[in-house]
1. Using 7 Å Cα-to-Cβ label points, what is the LYS24/HIS96 separation (nm, one decimal)?
2. Between GLU104 and residues 5 or more places away or on another chain, which pairs have amide H atoms under 5 Å apart, with H built 1.01 Å from N, and which residues are they?
3. Here are some pairs, LYS40/LYS84; LYS70/LYS113; LYS24/LYS84; which of them have Cα atoms lying more than 23 Å apart in this structure?
Amino acid sequence: MNNLNSILIEGNLVRDPLLRSTTKGTQVCSMRLASNRYFKHDSKSDNIEKEVSFFDVESWSRLAEACYSKGHKGRGVRVVGRLKEDRWNSPDGKSHSRVSIVAEHVEFRPEFKKESQSDYSKSSDLAGEYSDQEMIAAESKPPYINDLDLKIAASASEKDAVMVLC
């Protein structure tokens with residue numbers, strides 16, 4: 001029987017990703033992810049409690065470069081990967097271990113600008129990209145859909161397919 005080692009987790013980055021290289025030149029990106037869990041202690045109470053768990057995530061090669069360029073503190077991410085345990089002995093002879101996640105697929109949540117709708121149409125980086133009809137259509141869409149992120153996702157090249165903006 002084959003063993004299964006797979007994890008899917010969603011949360012927010014608690015700090016900016018760190019990019020480093022191995023001695024052979026392979027890129028490695030390290031991220032720390034906070035994931036929230038909400039629960040009730042008993043069904044009679046309406047008091048909802050929050051539990052936060054923190055996870056170390058590392059990605060390699062092209063995925064590492066993409067995570068470093070797209071990720072920043074507070075950005076929402078979904079990571080699919082596997083668990084890895086690192087074990088070592090300290091100089092005083094104590095054994096230590098740490099479990100981390102090795103990312104195989106990373107999705108970043110779209111980012112939304114905090115501008116009013118009238119400022120949105122006057123924004124310099126979007127000027128000329130949208131017609132008046134497209135702006136009206138954008139106003140009628142649910143707030144979680146962002147046309148700019150959809151354009152980026154639609155124009156992603158084949159080599160960037162490991163990164164999906166959702």
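1. That separation, rounded to one decimal, is 2.6 nm.
2. Amide H neighbours of GLU104: VAL80, GLY81, ARG82.
3. LYS40/LYS84
No value in this document is a laboratory result; all are computed from the given coordinates. Worth saying up front: this structure is predicted, and the values here are computed from it rather than measured. Cβ: placed from backbone, ideal geometry, glycine included. Neighbour counts: every protein chain shown.
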